[in-house]
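The values are calculated or read from the model by the stated rules, or taken from the named source; none is laboratory data. In this text, all values refer to a predicted model and were calculated from it rather than measured experimentally. A quick note on method: Cβ atoms are made from the backbone with ideal geometry, for glycine too, and the neighbour counts reach across all protein chains shown.
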Amino acid sequence: MRLPQAGTIEVVPSILSADFANLADEIAQVESAGVKVVHLDVMDGHFVPNITIGPPVVEKLRKYSRLVFDCHLMISEPALYAERFIESGANHLTFHIEAEKNFGKLIDKIHSLGATAGVCLNPDTPAESVKDAGPLCDMVLVMTVHPGFGAQKFMTEAAKKVIKVREIIGPSVRVEVDGGINVQTAPVVVSYGADTLVAGNAIFSKPDRIKAIEAIRTACR
Ligand code: DX5
Ligand code: ZN
C-alpha cells in the first residue's frame, strides 16, 4: 500500500464526516468506488481545538482495508508519535510545518520506517515555508480551511497558494488540498495544480458515497 505516484487526480475521502460507529463499513463503501487512498484526521485538542482518533483506531481499521492510509497529524509533537502511527498501519504521514522545526529529521524518520511523508500548511502559513521541506516529501498538503473541523467553507485565498507550492516542488511531488472540497471547488484547485483532493462532507453527508465520489471526479475532467 503506497501513495500513488504523482500524475493522477485522486479523490481521497476524509472519514472525519463518516459515521464513527461504523468506520469499517464506511471505508469499505468508498473502497468500492475505486478510491486508492483514505484520509484519517488525527487531532490532539492542542494543535487544533478538537480531538479525534489515535493509533489504536488506525490499527483496528487496518484489518478491514487495503487502502492507503493517509494520516493527517494535526498534533503539536508529530515526531513523538510518527513511529506509533506507522506501526499501527499508516502508510503516509503528513505533519504540520508549523508544529515541527526539525522537519528534515522527521521526514527522514518517516521514510526510514517505510512510509511516505508530507508537510502541511495552514491557511495563514505562506507557500514559501515549504521551500526546504516540500522537495524532501512525497506530498505537500495545503489547507483550504482552518484545521479542526469538517464541513467548513472553502477559503479561495488559501487555495491559491497551491500555484506557488506547485512551482516550488515541481511535478513529481503530490499536492493535496483539504477543506471545503466539493464539485464546485475541486476543478478550481485542480486548475491551480492540486492532484490529491480530500473530501469529507461532500462524500459522507450524501446517502450514496459512490455517486458523490464519481461527481467530484467528473467535475474535474
Ligand atoms: C479538517 C480536516 C479535513 C476535513 C475536511 O481539519 O483536516 O480533512 O475532514 O472536511 P470537509 O471536506 O468536510 O471540509
Ligand atoms: Zn485532513
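One residue alone among THR125, THR185 is surrounded by 15 or more Cβ atoms within 10 Å (Cβ to Cβ), within 16 Å of ligand 2 (Cβ to nearest atom), hydroxyl-bearing (Ser, Thr, Tyr) and in contact (Cβ under 8 Å) with a residue 40 or more places away in the chain, and that residue is THR185. Residue pairs whose Cβ atoms lie under 9 Å apart, sitting 6 or more positions apart in sequence or on different chains, and linking a residue in the range 87-111 that is farther than 16 Å from SER76 by Cα to a partner that is assigned to a strand (DSSP E or B) and among the acidic types (Asp, Glu), are ALA90/ASP70; ASN91/ASP70; HIS92/ASP70.
Contact map, the range 27-42: residues that are within 16 Å of LEU197 (Cβ to Cβ) paired with residues that are more than 15 Å from ligand 2 (Cβ to nearest atom) and among the basic types (Lys, Arg), Cβ distance under 6 Å, separation 6+ or inter-chain. Pairs shown: VAL30/ARG209.
Scanning the range 135-165 for residues that are in a loop (DSSP other than H, G, I, E, B) and either touching a Lys or Arg at 6+ places or on another chain (Cβ under 8 Å) or of a type in the set (Lys, Arg) (or both) yields ASP138, VAL145, LYS153, LYS160.
For LYS160, state whether it is modelled with pLDDT of 95 or more, touching an Asp or Glu at 6+ places or on another chain (Cβ under 8 Å) and surrounded by fewer than 20 Cβ atoms within 10 Å (Cβ to Cβ). Steps first, answer last, please.
Details: modelled with pLDDT of 95 or more: yes; touching an Asp or Glu at 6+ places or on another chain (Cβ under 8 Å): no; surrounded by fewer than 20 Cβ atoms within 10 Å (Cβ to Cβ): yes.
When the stated conditions are applied, LYS160 does not pass them.
Condition check ((1) touching a residue at least 40 places away in the same chain (Cβ under 8 Å); (2) more than 22 Å from ILE27 (Cβ to Cβ); (3) out of contact with any strand residue (DSSP E or B) (no Cβ under 8 Å at 6 or more places or on another chain); (4) not aromatic (Phe, Trp, Tyr)) across all residues:
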residue: VAL175; (1), (2), (3), (4): no, yes, no, yes
residue: ASP178; (1), (2), (3), (4): yes, no, no, yes
residue: TYR192; (1), (2), (3), (4): no, yes, yes, no
residue: LYS211; (1), (2), (3), (4): no, no, yes, yes
residue: GLU214; (1), (2), (3), (4): yes, no, yes, yes
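Name the residue that is nearest to VAL38 (Cα to Cα), counting only residues in the range 166-181 that are outside any strand (DSSP E or B), within 15 Å of ligand 2 (Cβ to nearest atom) and of a type outside the set (A, V, I, L, M).
We begin by selecting, within the range 166-181, every residue outside any strand (DSSP E or B); these are 166-173, 179-181.
Of the ones still in play, those that are also within 15 Å of ligand 2 (Cβ to nearest atom) are 179-181.
Checking which are of a type outside the set (A, V, I, L, M) leaves us with 179-180.
Details: GLY179: 15, GLY180: 16 Å.
Taking the candidates together, the pick is GLY179.
Condition (residue is under 20 Å from ILE27 (Cα atoms), crowded, with 20+ Cβ neighbours inside 10 Å and within 16 Å of ligand 2 (Cβ to nearest atom)) applied to the range 144-154: is it met by at least one residue? Yes, some residue in the range 144-154 is under 20 Å from ILE27 (Cα atoms), crowded, with 20+ Cβ neighbours inside 10 Å and within 16 Å of ligand 2 (Cβ to nearest atom).
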